[in-house]
Amino acid sequence: METRKQVLGQEHPDSLTSMANLALTYCKQGRWKEAKELEVVVMETRKQVLGEEHPDYPTSISLALTHRNQGGRHSRCWC
C-alpha cells in the first residue's frame with residue numbers, strides 16, 4: 001500500500017483499493033480502530049476524487065459503516 005501511494009499517489013484508484021484491502025485485513029484481525037480510520041480516508045478520498053455519482057463511492061460508504069455499531073464482530077465490520 002505504501003509503495004503504491006508513493007509511486008501512484010494516495011488518490012489513485014489502485015492506491016485506494018490497496019487501502020481498502022488493508023482495512024479489511026485489519027477488520028478480520030479485530031483491529032477495529034485502524035480499520036475504521038483507513039475506511040474513512042478511502043471514503044473521503046473517493047468522494048473528492050470520483051464524486052458521489054461514481055460506482056465506487058457507494059462501496060466506500062458501506063465499508064465505512066464498520067464503526068457504526070459496537071456489537072459483535074459482524075456488526076462492527078463487513079468481514
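The values are calculated or read from the model by the stated rules, or taken from the named source; none is laboratory data. Computed from a predicted model, the values in this text were never measured in an experiment. Note: ideal-geometry Cβ built from the backbone for every residue, glycine included; neighbour counts use all protein chains shown. Heavy atoms of the whole protein, side chains included, go into the accessibility calculation; ligands, DNA and RNA do not. Shrake-Rupley method; radii C 1.70, N 1.55, O 1.52, S 1.80 Å.
Could you please find all residues in segment 30-52 being at pLDDT 85 or above and of a type in the set (Gly, Ala, Ser)? Across segment 30-52, the qualifying residues are Gly30, Ala35. Pairs are defined by a Cβ separation below 9 Å, a sequence spacing of at least 6 or placement on different chains, a first member in segment 15-44 that is farther than 18 Å from Lys5 by Cα and free of Cβ contacts under 8 Å to residues at least 12 places away in the same chain, and a second member that is of a type in the set (Val, Ile, Thr) and open to solvent by less than 70 Å² (accessible area, probe 1.4 Å); the pairs so defined are Arg31/Thr25. Among the residues making up segment 1-29, those that are basic (Lys, Arg) and modelled with pLDDT under 85 are Arg4, Lys5. Restricting segment 1-16 to residues that are among the polar types (S, T, N, Q) and exposed (fewer than 15 other Cβ atoms within 10 Å of the Cβ), the residue that is nearest to Leu50 (Cα to Cα) is Gln6.
Residues of segment 17-52 that are open to solvent by 40 Å² or more (accessible area, probe 1.4 Å) and not in a helix (DSSP H, G or I): Gln29, Arg31, Glu52.
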